[in-house]
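Please treat every number below as a calculation from the coordinates, not as lab data. Values in this document were obtained by computation on a predicted structure and should not be read as measured data. Cβ atoms come from the backbone with ideal geometry, glycine included; neighbour counts cover every protein chain shown.
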Amino acid sequence: MRASDALGAYGERVAATHLVAAGLTILERNWRCDFGEIDILARDGDTLVVCEVKTRSGTGFGSPFEAVTPLKAARLRRLAARWMHDRQIHPLDVRIDIVGVLRPRRGAAEVEHVRGVA
């Protein structure tokens, strides 16, 4: 496994743990279709949460949140529609969240969860 893949997998595990601790229910991780991938799908009450996880080992490439552009958010919405269609699930609301994970060389990871970015 490449180092970047290992870092991403680590970040997704940390993010999933953080989301569960925040009261969300994980529905699926790393869901893929021919249009792309959703890192984490979760439920927050009656809301479907599409969660993009961005993990960094430092801030040299900017904040993890800078990676989710309006174009990326639109793509996540299309992927969410496909996931809901495939499963015949019709939630009251759909929300896109970002979980940024910063893994320093030493110490615990820093996690920031931003709800409703799009």
Prolate/oblate/rounded label for the chain (Cα gyration tensor, a/c 1.5): prolate
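For segment 3-114, what is the charge dipole size about the Cα centre, in debye to the nearest 20, if Lys and Arg each add +1 at the Cβ and Asp and Glu each add -1 at the Cβ?
Computed charge dipole of segment 3-114: roughly 240 debye.
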Between 0 and 90°, nearest 10: helix 3-21 axis offset from the chain longest Cα axis: 60
The chain: calculated mean residue ellipticity at 222 nm from DSSP helix runs of at least 4, using -39500 (n - 2.57): -10500 deg cm²/dmol
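Under 12 Å from the Cβ of Val20, count the other residues' Cβ atoms, weight Lys and Arg +1, Asp and Glu -1, and hand me the total.
+2
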Cα centroid of segment 25-40 to Cα centroid of segment 86-118, whole Å: 12
Inter-site label distance for Asp46 and Gln88 at 7 Å from Cα along Cβ, in nm: 2.1
Considering only the chain, percent of DSSP beta bridges that pair antiparallel, nearest 5: 65
Gain in span if fully extended, Thr69 to Asn30, counting 0.36 nm per residue against the direct Cα distance: 12.1 nm
The chain: relative contact order in percent, alpha carbon pairs under 8 Å with at least 6 residues between: 25
Acute angle (nearest 10 degrees) that the helix 70-87 long axis makes with the longest principal axis of the chain, alpha-carbon atoms: 50
Mean Cβ neighbour count within 10 Å, used as a protection proxy, ranking 6-19, 74-87 highest first: 6-19, 74-87
Most positive-pole-ward Cα, Ile98, Ala80, Ile26, against dipole of the chain from beta carbon charges: Ile98
Separation of the Arg77 and Arg115 label points, Cα + 7 Å toward Cβ, nm: 2.0
